[in-house]
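A.B. asks: Let me give you the structure first, and then I'll get to my questions.
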Amino acid sequence: MRRKIIPYSPKLKELARKLRNDSTLGEVLLWKELNGKQFYGYDFHRQKPLLNYIIDFYCCELNLVIEIDGHYHDHEETYKLDLLREQELEKYDLTIIRFTEREVRKDMVNVLRIIEQHILEHTPNPSQEGNQLSL
């Protein structure tokens with residue numbers, strides 16, 4: 001299968017690197033679960049530039065974007081920008097799953113179950129390698 005290339009602004013590379021170094025606790029905790037193809041064998045990237053945005057977590061094999069919303073996402077203006085961003089990303093057949101920082105920090109089991117459910121629903125034979133939850 002050919003990898004779908006999604007363009008991005010090269011100006012975002014340095015900012016993405018900075019964001020990787022300044023991750024929130026929720027991002028660090030989720031990264032520990034997804035890093036190194038340990039979750040069903042899928043390769044996730046963090047703070048990945050796509051289009052004119054930096055995505056918290058991205059798996060190109062699954063066309064999956066995972067966003068962790070902090071407290072600043074409670075503002076209406078941020079919500080409108082998130083909606084626009086989602087609409088642009090969906091044009092590339094990407095699925096966006098959103099979690100709050102609190103959900104990731106306090107309820108990782110259910111966060112992973114939601115990601116697992118997406119994998120099971122969208123892949124014919126998900127790899128049995130790596131972490132899986134026993135439901």
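What follows draws every value from the coordinates through simple rules; no lab data is involved. This one's a predicted model, so the numbers in the text were calculated from it and none came from an experiment.
A.B. asks: Between Ile55 and residues 5 or more places away or on another chain, which pairs have amide H atoms under 5 Å apart, with H built 1.01 Å from N, and which residues are they?
C.D. replies: Counting only residues 5 or more places away or on other chains, the set is Lys48, Leu50.
A.B. asks: Quick query: amide H of Gly41 versus all other amide H atoms, modeled in the peptide plane; which residues come in under 5 Å with a sequence gap of 5 or more or a different chain?
C.D. replies: Under 5 Å from the amide H of Gly41 lie the amide H atoms of Asn131, each far enough along the sequence or on another chain.
A.B. asks: Per-residue HN-Hα couplings for region 41-53, Karplus 6.51 cos²θ - 1.76 cosθ + 1.60 at θ = phi - 60°, whole Hz, x for Gly and Pro?
C.D. replies: x, 8, 8, 9, 10, 10, 6, 9, x, 9, 6, 10, 10
A.B. asks: Semi-axes of region 22-109's equivalent ellipsoid from the Cα gyration tensor, sqrt of 5 times each eigenvalue, largest first, rounded to whole Å?
C.D. replies: With the √(5λ) rule applied to region 22-109, the semi-axes are 20, 18, 10 Å.
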